[in-house]
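Asker: The following block contains the structure, expressed as structure tokens.
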Amino acid sequence: MSDSTALVLLHGHGVDASIWDGIYAGLSTDVRVLRPDFSRLTNHSTIEAYAEELYARLQSGQVDSCVVIGHSMGGYIALAFAEKYPDMIQGLGLFHSTAFADDEPKKEQRRQVIRKLDEEGTRPFLETAIPNMFAPDNRDAMSEKVHALIELNSVLPPQALQAGIRAMLSRPDRTQVLKQAVYPVLIVAGQHDQIVPPEKSRQLADMAADTELVVLNASGHLGMIEEPEQAQAAIRQFVDRL
């Protein structure tokens, strides 16, 4: 990876950019690593708007090309960014994320969460959402990390969480971005991910011409916390070959 290229790590919904803290140091030794934080934005209602936010921040940081790796919702943003600014992409990573759009049951589930956030606020949402991000065996084994994530992110405005949900709900299918990719693609899946099942990730891995699929065998939806060494190694190896 050239000196002018940045590694951009995008966080998912319901957490902030500190979700990458456990693997940041190991990635930033000789690579410029950026972790934009979108967790408090309340004025974006589409994934495209978040992608434009990313573009503006990269422009202000004088980043002309980048490897973008997005976790969950961050992956949706990465795909939208790659669709509009393909010349800036040196590599694209979906980290527990997907290019498929929501089906109707999932959309209705998201609408219900928007209503509950109105009624109950952030913390009750996170008390359900955060444990479900961990593999079943890790919820008790990593209970301190589960509770720490809830505490840390319970200060996020419910309006910001609602904005993110509306954006995810309305996003289109972007599998074509993978099929047309002229850059390498990394897909990191959790074997026990109940949000983005590994079989869905395997389907995506067959779409791009140059794809590397890494399955974290002990992870759910938070490989950077559940298996930080393996997650860091997957990203590191991907970046090193570019």
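Asker: Pulled fully out, how much extra length does the chain show between GLN112 and ARG32, if you take 0.36 nm times their separation in residues and subtract their Cα-Cα distance?
Answerer: 24.9 nm
Asker: Related question: What are the extents of the Cα atoms of the stretch 108-201 along their three principal axes, in Å, largest first?
Answerer: Projected onto its principal axes, the Cα set of the stretch 108-201 covers 43, 32, 21 Å.
Asker: Given R₀ = 41 Å, FRET efficiency for GLU144-LYS84 by Cβ-Cβ distance, to 0.05?
Answerer: The value I calculate is 0.55.
Asker: Near the amide H of SER65, under 5 Å away, which other amide H atoms are found, from residues 5 or more places off or on another chain, if H is placed in the peptide plane?
Answerer: So SER65 has HN proximity to ALA6.
Asker: How big is D, in µm² s⁻¹, for the stretch 9-105 by Stokes-Einstein at 4 °C and 1.567 mPa s if Rh is the Kirkwood radius over C-alpha pairs?
Answerer: Using the Kirkwood radius from Cα pairs, D works out to 94 µm²/s.
Asker: A further question on this structure: Check LEU34: other-chain or 5+ apart residues with amide H under 5 Å from its amide H, H built from backbone geometry?
Answerer: Result for LEU34 returns LEU7, VAL8, LEU9.
Asker: Using 0.36 nm per residue of separation minus the Cα-Cα distance, give me the extension gain between PHE100 and ALA56 in nm, one decimal.
Answerer: Between PHE100 and ALA56, full extension yields 13.3 nm more.
Asker: Taking amide H positions as placed in the peptide plane 1.01 Å from N, state which residues far from VAL215 in sequence (5 or more) or on other chains have amide H under 5 Å from it.
Answerer: Amide H neighbours of VAL215, under 5 Å, 5+ apart: ALA189.
Asker: Rounded to the nearest 500 deg cm²/dmol, what is the calculated helix-only ellipticity per residue at 222 nm for the chain, with -39500 (n - 2.57) per DSSP H run of length n ≥ 4?
Answerer: Here the helix-only value at 222 nm equals -15000 deg cm²/dmol.
Asker: Once each part is reduced to its C-alpha centroid, what is the distance from the stretch 73-122 to the stretch 197-220 in angstrom?
Answerer: With the stretch 73-122 and the stretch 197-220 each reduced to a Cα centre, they are spaced 17 Å.
Asker: Return one number: the angle in degrees, 0 to 90 and rounded to the nearest 10, between the long axis of the Cα atoms of helix 73-84 and the longest principal axis of the Cα atoms of the chain.
Answerer: Orientation of helix 73-84: about 40 degrees from the principal axis.
Asker: Given the C-alpha atoms of the stretch 5-240, compute the convex hull and give its volume per residue in Å³.
Answerer: So the per-residue Cα hull volume is 108 Å³.
Asker: Based on other C-beta atoms within 10 Å, arrange HIS11, HIS71 from fewest to most.
Answerer: With the sparsest Cβ surroundings first, the list reads HIS11, HIS71.
Asker: Return the FRET efficiency for the residue pair ASP21, VAL155: r is the Cβ-Cβ distance, R0 is 25 Å, and the value is rounded to the nearest 0.05.
Answerer: 0.90
Asker: Okay, moving on. Karplus couplings for the stretch 117-126 from phi (6.51 cos²θ - 1.76 cosθ + 1.60, θ = phi - 60°), rounded to Hz, Gly and Pro as x?
Answerer: After applying 6.51 cos²θ - 1.76 cosθ + 1.60, I find 5, 4, 7, 10, x, 6, 4, x, 4, 5 Hz.
A short reminder: the numbers here are calculations on the coordinates, not readings from a lab. A quick note: this is a predicted structure, and the numbers were derived from the prediction, not measured. In this analysis, Cβ positions are derived from the backbone assuming ideal geometry, glycine residues included, and neighbour counts consider all displayed protein chains.
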